[in-house]
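Structure first, then comments.
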Amino acid sequence: MKGKPSVFKNKCHTEEAKRKNRDAHTGKKQSKETMRLKYENGYIGPMKGKKATEETKEKMRKSKLGKKRGKYKEKAIKDE
């Protein structure tokens, strides 16, 4: 093991600390420059490589039913 273990290991944030953190970050958005740097430096999205369950796929399919999509948005998806 390298170095010392973290002083926060096996501890949790208090409800007050969670509230303060949430309030401090609410409404903030990352700049385009930050996003560009993240992706340039090899950022991998949190869902990359994970498979959606059949239940999740069905939920996604139902949420899109009847919505027009695609390049020309001429046809809506029909329930089969």
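Since every read-out is calculated from the coordinates, none of them should be taken as a lab result. Fair warning: this is a prediction, and the values are worked out from it, not measured in the lab. With ideal geometry, Cβ positions are generated from the backbone for all residues, glycine too; neighbour counts draw on all protein chains shown.
Looking at this structure, is Asn21 of a type in the set (S, T, N, Q) and assigned to a loop (DSSP other than H, G, I, E, B)? When the stated conditions are applied, Asn21 does not pass them. One residue is enough: does segment 2-16 have a residue meeting the conditions free of Cβ contacts under 8 Å to residues at least 40 places away in the same chain, under 18 Å from the mean Cα position of the chain (by Cα) and assigned to a loop (DSSP other than H, G, I, E, B)? No: zero hits.
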